[in-house]
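Step one of this worksheet: look at the structure below.
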There are 2 protein chains.
Amino acid sequence: MNSSILTIGHLARQTGTKVETIRFYEKNGLLPEPSRTEGNYRAYEPDHLNRLSFIRRARDLGFSLDQIRALLALSDNRGQSCAAVDAIASEHRAEVEKKITDLMALKAELDRMIDQCECGVVADCRIIETLSPK
Amino acid sequence: MNSSILTIGHLARQTGTKVETIRFYEKNGLLPEPSRTEGNYRAYEPDHLNRLSFIRRARDLGFSLDQIRALLALSDNRGQSCAAVDAIASEHRAEVEKKITDLMALKAELDRMIDQCECGVVADCRIIETLSPK
DNA sequence: CATGACCCTGTATACGCTACAGGGTCATAC
DNA sequence: GTATGACCCTGTAGCGTATACAGGGTCATG
């Protein structure tokens, strides 16, 4: 096999992605289908590697696959206004902020519940009591 | 039909749960199978309602179904030490704390990225640039 | 030519539901 | 008595983001 082609394993190692995940991205339209070798192996080009890196970075930042699809489409149209990119990123940031707020409220409730526990028997357990209907 | 029996719809309305979700809890061993009417309707007892309320409260607090199964088992053994309950709740709190920490780090990164955007064209977009491999 | 690393497709699993198809039951109105 | 509509039943498929595995083919190396 030509040693200069990029196999799926190469892409996986270079981006820290599982092979199955790369195939999953292809099936879901995030990564274009590469050409195939005679033995039916996927043969990637450097562009595929760049695109996959982009996807992984965006995933690390918590963007959804839908958002990433949109970001990729935008980054392919380099003359367009970047307002749409900003909108996606800001929308995502707002989601993250909401999650933080919600989780902090949740943690406060858990703190209250757990701090009451005097660790006797279950019958007297404040945690169970808090969960039980009055 | 006997007007005093609790149908699945009653449980649903009284706990703010969808009917399908109640059946899902039953299939997944959180809610015991109730007896049936002649017409094969589920006929619940007040205990079922209490148990479902417990489940919903715990879900609202973010406990997983596995954790809730364990909490229910513990609350059925009222003489046991409540340390196990405390362990589950503390484990969950630690997970929530970790999520908050992770999301705050994420938000900081998003802030940095978005603040750089000068909203020109995509070719100059700092957001796309941040995501792209160098 | 045998071994083992790698690749292929297709399907099942995880979480916690939600939705739907295709049917049965029940209370109420006429 | 029957028509309507609200409610119930089972079983299956779908969401998002992968991960795992079965059962097989390909490739480089000894």
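The values are calculated or read from the model by the stated rules, or taken from the named source; none is laboratory data. A quick note: this is a predicted structure, and the numbers were derived from the prediction, not measured. Don't worry about glycine lacking a Cβ; one is built from the backbone with ideal geometry, like all the others, and counts go over all protein chains shown. These area figures cover heavy atoms from the full protein model, side chains too; ligands, DNA and RNA do not enter into them. Shrake-Rupley method; radii C 1.70, N 1.55, O 1.52, S 1.80 Å.
Key figures for this structure:
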| quantity | calculated |
| --- | --- |
| Any hit, the stretch B:77-95, residues being aliphatic (A, V, I, L, M) and within 15 Å of DNA strand D (Cβ to nearest atom) | no |
| Meets criteria (free of Cβ contacts under 8 Å to residues at least 12 places away in the same chain, within 16 Å of DNA strand D (Cβ to nearest atom) and within 10 Å of chain A (Cβ to nearest Cβ)) for B:Leu110 | yes |
| Residue identified as of a type in the set (A, V, I, L, M), more than 7 Å from chain B (Cβ to nearest Cβ) and under 19 Å from the mean Cα position of the chain (by Cα) among A:Leu65, A:Leu74 | A:Leu65 |
| Helices (runs of 4 or more DSSP H) wholly inside the stretch A:1-80 containing at least 2 residues that are over 30 Å from B:Cys119 (Cβ atoms), free of Cβ contacts under 8 Å to residues at least 60 places away in the same chain and near DNA strand C (Cβ under 8 Å from one of its atoms) | A:8-15, A:19-27 |
| Residue that is least open to solvent (accessible area, probe 1.4 Å) [pool: residues in the stretch B:87-129 that are within 12 Å of A:Ala89 (Cβ to Cβ) and part of a loop (DSSP other than H, G, I, E, B)] | B:Cys125 |
| Flag for A:Arg36 being of a type in the set (Lys, Arg) and more than 14 Å from chain B (Cβ to nearest Cβ) | yes |
| Test result for A:Gln80, within 27 Å of B:Phe63 (Cβ to Cβ) and of a type outside the set (A, V, I, L, M) | no |
| Matching entry among B:Leu11, B:Leu52, B:Leu74 (being in contact with a His (Cβ under 7 Å, 6 or more places away or on another chain), aliphatic (A, V, I, L, M) and under 28 Å from A:Cys125 (Cα atoms)) | B:Leu11 |
| The one condition in (1) open to solvent by less than 50 Å² (accessible area, probe 1.4 Å); (2) not assigned by TED's automatic domain parsing to the domain that holds A:Val19 that A:Gly62 fails to fulfil | (2) |
| Residue count for the stretch B:1-41, restricted to those that are more than 10 Å from DNA strand D (Cβ to nearest atom), among the aromatic types (Phe, Trp, Tyr) and over 16 Å from B:Arg56 (Cβ atoms) | 0 |
